[in-house]
Amino acid sequence: MEDLNLRKGDAKTSIFGSDKMLQPAPVDKIPDGPTTPEIAYQLVKDETFAQTQPRLNLATFVTTYMDDYATKLMNEAININYIDETEYPRIALMNAKCINIMANLWNSPEQAKWKAGALAIGSSEACMLGGVAAWLRWREKRQAQGKPTDKPNFVISSGFQVVWEKFAQLWQIEMRQVPLTLEKTTLDPEEALKMCDENTICIVPIQGVTWTGLNDDVEALDKALDAYNAKTGYDIPIHVDAATGGFILPFLNPETKWDFRLKWVLSISTSGHKFGLVYPGLGWVCWKDKKYLPGSMAFSVNYLGAEITQVGLNFSRPAAQILGQYYQFIRLGFQGYKEIQYNSMEITKYIHQEIAKMAPFVNYSEDVVNPLFIWYLKPEYASKANWTLYDLQDKLSQKGWMVPAYTLPDNLENYVVMRVVVRQGFSRDMADMLLNDIKSAITELEKLEYPTPTRIAQDKSEKVTTKVFNHTGK
Ligand SMILES: Cc1ncc(COP(=O)(O)O)c(C=O)c1O
């Protein structure tokens, strides 16, 4: 008897023999009827097939490798919504334990059993929460003094991550930027203080500046701010955006003071999904003490006899990341994190050193303080080359690597740089493969007889040529 379902996607039809594989995937409209899970799976999977392999993506800071047990734990928790605390009280408790661990890694002086902090979907939400808390504290104080509250501002270097622009826009808080320059590659405390006034809700130094990988000197800022606050009578605090550094400094530079050991650091945010070593969807923010977390942002609940304070922008959110983070804390311990971060740093330093040996390149900084760094074309080389770093990015992507080229922020926007971020899962062997691919790409690019389109475009921009070629490379 004829099987009318043949080629319509029934269980007997082979995936690539089905009608569906002859049709375009839906773009605007939901399909009229169902198809088999095997075919649907294949269609969706294949749409992402041609992308970079996550571990060859050296553009991202976000975790692309976790071990099998972590992956299993997270997959098993994939159907749990964190906000259903009544149903999953133990996950809420696990979250509070993670906040305690984070706060203690950052040397929190808080004595309470449960430290003040919050789970976030990433550093962006964590930064927003830190910023909003600073704003509400400032506003409350101003209102109590009968002073206007309509012109809040915050101070940050021009190396800010886009989240701070969003924060400024969404809450209508003026963002005052201290320009980064070639001479001043991180936030200059004195320049930052010149931008402060009675309406400044906080200063935001960054540990692991997205653009450069460098750290702002929080200790120097704290010292200068202490004197400034004493002189002016203000009490401007610091929120540290430690998206990257929050999980690097405690393990590799425990003696460096950038955290709650400093007087004016009242809140810190980080990404659990970056060097916290958890898959995407996790950030943390902690306050030095509950008193710095405005009551209007927090609500307390009681599970299994524990008082837990909760804060957040989103309501529903995945719980799997909390299990992933807690697993990593238990699995690795302090020593295990230290070893992984150490290896990432060593491999970064190795690539940094090898890049410096290649004739076309100069590193932006001689320091490697986080597992990432940037470099650019030597001015004397660039003036004769028929190619740019965008062409190199293109060549490397043909080998599967994603190594981004981009321009630096305001004031340095004419510098085209290239960056690598080294994460867990990137071995010395892979570094050698990358370096070899860079060398072969250069050999090919050097054979070009005519300038590439990106090179022509760069020549057209007069600013680029004058600025880039006047720079000595230091
Ligand atoms: C300094 C800094 N802050 C905030 C963020 C935003 O982090 P997330 O992607 O976790 O939201 C990043 C991301 O790279 C960052 O580097």
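What to note about this one:
- Per-residue Cβ neighbour rank within 10 angstrom, fewest leading, LEU434, LEU93: LEU93, LEU434
- Computed [θ] at 222 nm, deg cm²/dmol, the chain (DSSP H ≥ 4; -39,500 (n - 2.57); rounded to nearest 500): -12000 deg cm²/dmol
- Cβ-derived FRET efficiency at R0 41 Å, ALA11 paired with GLU339, nearest 0.05: 0.25
- Among SER158, SER108, sorting on how many other beta-carbon atoms sit within 10 Å of each Cβ, with the fewest leading, yields SER158, SER108.
- Taking the DSSP beta bridges with both ends in the chain, the antiparallel portion is around 60 percent.
- Over region 136-214, volume per residue of the alpha carbon convex hull, in Å³: 86 Å³
- Projected label points at ALA220 and LEU182, each 7 Å from Cα along the beta carbon direction, are separated by 2.0 nanometres.
- Restricting region 384-416 to trypsin sites (Lys or Arg not before Pro) that sit in a DSSP loop and have at most 10 other Cβ atoms within 10 Å of their own Cβ leaves LYS384.
- The length gained on full extension between ASP28 and GLU47, counted as 0.36 nm times the residue separation minus their Cα-Cα distance, comes to 5.3 nm.
- Extension gain from GLN172 to TYR381, taking 0.36 nm per residue of separation minus the Cα-Cα distance: 70.8 nm
- Region 323-472 shape via C-alpha gyration tensor axes, a/c threshold 1.5: prolate
- Legend: distances between Cα atoms for LYS151/LYS231; LYS357/LYS460; LYS72/LYS288; LYS29/LYS395; LYS20/LYS274; pairs beyond 27 Å are LYS357/LYS460; LYS72/LYS288; LYS29/LYS395; LYS20/LYS274.
- Region 236-382 - percent relative contact order, Cα under 8 Å, separation 6 or more: 18 percent
- Reported to the nearest whole Å, the Cα centre-to-centre distance from region 226-278 to region 124-152 is 19.
- Additional length obtainable on full extension of the chain from MET195 to THR86, 0.36 nm per residue less Cα span: 34.6 nm
- For the set LYS45/LYS349; LYS257/LYS291; LYS257/LYS290, the pairs lying more than 26 angstrom apart at their alpha carbons are LYS45/LYS349.
- Prolate/oblate/rounded label for region 216-343 (Cα gyration tensor, a/c 1.5): oblate
- Inter-label distance, ASN104 to ASP150: 4.9 nm, where each label sits 7 Å from its Cα along the C-beta direction.
- For the chain, a/c is not less than 1.5, where a ≥ b ≥ c are the root eigenvalues of the C-alpha gyration tensor, and a/b does not top b/c. That puts it in the oblate class.
- Summarising the label geometry, the points placed 7 Å from Cα in the beta-carbon direction at LYS113 and ALA356 lie 5.2 nm from one another.
We did not get these values from a lab; they are worked out from the coordinates using the rules stated. If you're wondering where the values come from, they're calculated on a predicted model, not measured in any experiment. Counting neighbours? That spans all protein chains shown, and the Cβs are built from the backbone with ideal geometry, glycine included.
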